[in-house]
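Here's the structure we're looking at; comments come further down.
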Amino acid sequence: MRRASIMWGLSALVALAPVACLVTLMVSSQAAGQGLEQGLAKSISIVKVAQVRLSGLRDFIFQGAGEAPAPQEAVVCVHSTDAGRYVITATSHHGGSGSFSLRAGQAGPIDYEVTWYDRAIGGQALALRSGLASPSLSGADRDDPTCKGTGTARLRIALNEGDFMQAAPALYADTLILTVAPP
Amino acid sequence: MSKPSITPRLLAVAAFVVGIGAPLAIAATQGNVGSTSTGTVDVKADKQPAVRISGLNDIQFAASAVTPAPQSDPVCVFSNPGQYLVRASGANANGATFRLKDGGANYIAYGVRWHNAATGGSSVDLSSGVTSAGVSGADQASVSCGGNNTARIEIILDDTTYIAAPAGSYSDTLTLLVSPP
């Protein structure tokens, strides 16, 4: 977070009234009791929280008949103005406590694993649990919400081999909700 | 008269049929810039019907001057749709007729009977290269049938051609293909 503190004279504050009406009202109220003629200096503060963005996401489509298809990875863009740090939370719509699951109506589940890497290539692998925030990660793009068209992390999905092999033929699906936040 | 040695060999082929499914809509959503940012991805697994045949062994008839009794070999058929189709193709077949062949141009015809259980069950006589009707009884949960067998193949040597055949060693390669119905 970055804290901005600006000291202004009252006359300057009045000039900014259209864009800072809440602050102006506060100053006017205090000024009424103390006298405008005193020309008090007031502190105007704003807390600018870190901004983050997750983008570059794509769907994961697996097809297979016998053994589980090979895991898939997707490079994604994570932007964080908090020195490139962030936490990631992945939540499975069909998963149970901590688990990620695909379902086809009442059929299934086919469980799957979600692994997060804090780099587009290489990086530290982190096995996620549904609904649980990760530890603080680094490597996000600090400046550009679009990561300058590249990726800063990647997501890996691996289907459970046994579940897939034993699953009845059907289209199994889940919605995976990914949220990034400052640490 | 020397006793002929007849060695049918079985070659199994399991068919894993992967169909071309309907196009799957893209639904991923991207996060916006903010104090937190949330995106979603769809994860989908299009599970196609799967089958497997395993546990096959070569069938070796003992040398005999007279037609040997039929021999059976239990096998494991996994099919997650439950039913399956089976097709047997003989390398030396003449049309739909399975045949063993010696080193020359002599043949012994044989029949292939498919049973839908390791013991008992119902059976169907197969013709070379012809796919059967739907067969039930496959293991739907375990690709290895949990170490058991769910079907058996029976080889029946034709008495007429066996008796008429000159002494020698006869063999064939039988290719078995199972597929989802």
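What follows is calculated from the coordinates using simple rules that are stated; it is not laboratory data. As the structure is a prediction and not an experimental result, all values here were calculated from the model. Glycine also receives a Cβ, built like all others from the backbone with ideal geometry; neighbour counts cover every protein chain displayed.
Name the residue, out of B:Gly31, B:Gly90, that is more than 13 Å from every other protein chain (Cβ to nearest Cβ) and crowded, with 18+ Cβ neighbours inside 10 Å.
B:Gly90
Residues of region A:151-183 being facing chain B (nearest Cβ under 7 Å) and either closer than 23 Å to B:Tyr84 by Cα or part of a helix (DSSP H, G or I) (or both), which ones?
A:Phe164, A:Met165, A:Gln166, A:Ala167, A:Ala168, A:Pro169, A:Ala170, A:Leu171, A:Tyr172, listed by residue number.
List the number of the failed condition for B:Ala109; all other conditions in (1) touching a residue at least 40 places away in the same chain (Cβ under 8 Å); (2) under 30 Å from A:Gly95 (Cα atoms); (3) of a type in the set (A, V, I, L, M); (4) outside any loop (DSSP other than H, G, I, E, B) hold.
Among (1) touching a residue at least 40 places away in the same chain (Cβ under 8 Å); (2) under 30 Å from A:Gly95 (Cα atoms); (3) of a type in the set (A, V, I, L, M); (4) outside any loop (DSSP other than H, G, I, E, B), B:Ala109 violates only (2).
Taking the stated definitions as given, is B:Val130 more than 17 Å from B:Ile59 (Cβ to Cβ) and crowded, with 19+ Cβ neighbours inside 10 Å?
Details: more than 17 Å from B:Ile59 (Cβ to Cβ): yes; crowded, with 19+ Cβ neighbours inside 10 Å: no.
No.
Residues checked against (1) within 12 Å of the chain's Cα centre (by Cα); (2) over 16 Å from B:Ala109 (Cβ atoms); (3) assigned to a strand (DSSP E or B):
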residue: B:Val143; (1), (2), (3): no, yes, no
residue: B:Asn149; (1), (2), (3): no, yes, no
residue: B:Ile155; (1), (2), (3): no, no, yes
residue: B:Thr160; (1), (2), (3): no, no, no
residue: B:Ala167; (1), (2), (3): no, yes, no
residue: B:Tyr170; (1), (2), (3): no, no, yes
residue: B:Thr173; (1), (2), (3): no, no, yes
residue: B:Leu176; (1), (2), (3): yes, yes, yes
residue: B:Pro181; (1), (2), (3): no, yes, no
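Quick check on my filter: what residues within region B:44-87 are of a type in the set (A, V, I, L, M) and crowded, with 16+ Cβ neighbours inside 10 Å? Please lay out each step first, then the result.
Just the residues of region B:44-87 that are of a type in the set (A, V, I, L, M), to begin with: B:45, B:50-51, B:53, B:56, B:59, B:62-63, B:65-66, B:69, B:75, B:77, B:85-86.
The answer is B:Ala45, B:Ala50, B:Val51, B:Ile53, B:Leu56, B:Ile59, B:Val75, B:Val77, B:Leu85, B:Val86.
Which one is surrounded by the most Cβ atoms within 10 Å (Cβ to Cβ), of the residues in region A:97-140 that are under 21 Å from A:Arg53 (Cβ atoms) and charged (D, E, K, R)?
A:Asp118
Which members of region A:60-89 meet the condition of being of a type in the set (A, V, I, L, M) and surrounded by 22 or more Cβ atoms within 10 Å (Cβ to Cβ)?
Hits for region A:60-89 are A:Ala65, A:Val76, A:Val78, A:Ile88.
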